[in-house]
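Read-outs throughout are calculated quantities, based only on the coordinates presented, and are distinct from any laboratory measurement. Note that this is a predicted model, so its numbers are computed, not measured. Here the Cβ positions follow ideal geometry from the backbone for every residue, glycine too, while neighbour counts run over all protein chains shown.
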Amino acid sequence: MVKITNSPEETYEFAREFAENAKPGDIICLDGDLGVGKTVFTQGFAAGLGITEPVNSPTFTILQIYDEGRLPMYHFDVYRIASPEEMDELGYEEYFFGEGVCLIEWSTLIEELIPEDAIHVLIEKDLKQGFDYRRITY
Ligand code: ADP
Ligand code: MG
């Protein structure tokens, strides 16, 4: 399915609603170029789970855990990962196969670790349609 948004607020709102369907063990892969809105999506999703603390992507932190929502949320940003072994060091399996929801920015960098039943969300720009246009395929 495809959702078009024309502002960060619309992407946030879409993700907030998306979170209503989240179940324990869901893995949501967020892909698309730098600055497309993967973190904005994650922020809206967090709000949808009832997380009130601020969500961002610190440059050198691969995993952030948010426990206050309807489900635990594990926010991975693997942009700076050097190799999939770093995921082992993090003990990623506990999160991927746990009772929370994983959101993984730049999931294609750890493609070999992503389970087959993961949910994929791809965000793309199309500058011909305007600077804030985003096409979200899910
Ligand atoms: P990423 O995590 O994919 O690198 P961010 O979510 O950090 O990207 O940043 C997305 C940037 O794009 C923000 O500055 C946001 O304000 C801007 N933006 C403009 N239009 C949109 C839109 N339709 N959806 C999401 N973000 C948008
Ligand atoms: Mg980001």
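Some values worked out for this structure:
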read-out	value
Rg ratio (alpha-carbon, reference 2.2 N^0.38 Å) - the stretch 2-137	0.99
Degrees separating the helix 8-18 axis from the principal Cα axis of the chain, which is the longest one	50 degrees
In order through the stretch 47-54: 3J(HN,Hα) via Karplus (6.51 cos²θ - 1.76 cosθ + 1.60), integer Hz, x for Gly, Pro	4, x, 7, x, 7, 9, 6, x
Magnitude of the charge dipole, the chain, Cβ model with Lys/Arg +1 and Asp/Glu -1, debye to 20	660 debye
For the stretch 2-137, with +1 on Lys and Arg beta carbons and -1 on Asp and Glu, the positive-most of G32, T61, T108 along the dipole	G32
